[in-house]
Amino acid sequence: MPAQSLVLPILFNDYNLDFFLNGKQQLKVALANAKIDKAAFLFKLTNLEQAESKSHFNWQTQSPIKLVAHIIDNFHEKHRIQFRQLLHMCKVVQEKSSFKELFPQHLESHLSQMRYELEEHMMKEEAILFPMIMKGFYPSGPISVMEAEHQTHAQALDTLVELTNNFTPPIEADNDWQLLYLQIKELYLDLKEHIHLENNVLFKQ
């Protein structure tokens with residue numbers, strides 16, 4: 001993984017790159033495989049990082065205690081609310097829409113499975129891993145397990161993109177349907193940033 005920056009999820013999404021670089025794949029290999037100009041990519045990355053340094057809080061300079069609190073308050077709790085709202089909205093859209101046959105058949109069940117897996121993951125972090133990190137311990141075993149589960153979450157996010165046609169509702173979609181996809185995209189971006197903060201900042205401290 002290149003520079004430890006929160007701009008990476010944004011930039012990787014722009015270029016439709018695998019955010020996790022297919023496990024341990026090097027960035028230069030991923031760029032070559034995707035036929036992306038390396039110089040242009042790095043130029044944009046540098047500009048984004050400079051803008052970020054001026055406008056975003058730098059979590060790399062903060063204590064693990066503050067970062068853990070930030071992750072729980074701004075991601076764990078937010079994800080719980082997001083999934084509750086998204087699953088409710090799925091039911092509303094399917095009940096109200098005149099074009100039910102166009103609604104992704106497995107979207108609700110996929111979101112429900114994502115919710116279950118992420119909730120289990122977050123509970124393990126809150127009960128076991130985070131308390132250890134806050135005391136200055138970085139156990140390689142539990143961290144490796146969390147990173148492996150992050151890969152599973154990333155695959156689930158890719159499936160979300162496929163199910164929603166890259167968060168693009170059909171022309172026939174009503175306002176509720178359009179709002180559902182906007183909020184699913186927000187979850188997608190939030191969860192990628194969440195995973196990035198843990199993998200590339202918290203677990204590396």
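About its Cα centre, the dipole of the range 130-205 is roughly 500 debye, where the only charges are +1 on Lys and Arg Cβ and -1 on Asp and Glu Cβ. Using θ = phi - 60° in the Karplus curve 6.51 cos²θ - 1.76 cosθ + 1.60, the 3J(HN,Hα) couplings for the range 136-148 round to x, 9, 10, x, 5, x, x, 5, 4, 5, 5, 5, 5 Hz; x is entered for Gly and Pro. Placing dummy labels 7 Å off each Cα toward the beta-carbon, the span from residue 204 to residue 60 is 0.7 nm.
Working ranking of peptides 116-126, 136-146, 178-188 by packing, defined as the average number of other Cβ atoms within 10 Å per residue, highest first, is 178-188, 116-126, 136-146.
Net length available on complete extension from residue 172 to residue 123 is 13.7 nm, with 0.36 nm assigned per residue and the Cα-Cα distance removed.
Which value in Å is the Kirkwood Rh of the range 103-151 over different Cα pairs? Radius from the Kirkwood sum: 12.2 Å.
Each reported figure results from applying straightforward, stated rules to the coordinates on display, with no laboratory input. Here the structure is a predicted model, which is why all the values come from computation and not from measurement. Note that each Cβ is placed from the backbone with ideal geometry, even for glycine, and that neighbours are counted across all protein chains shown.
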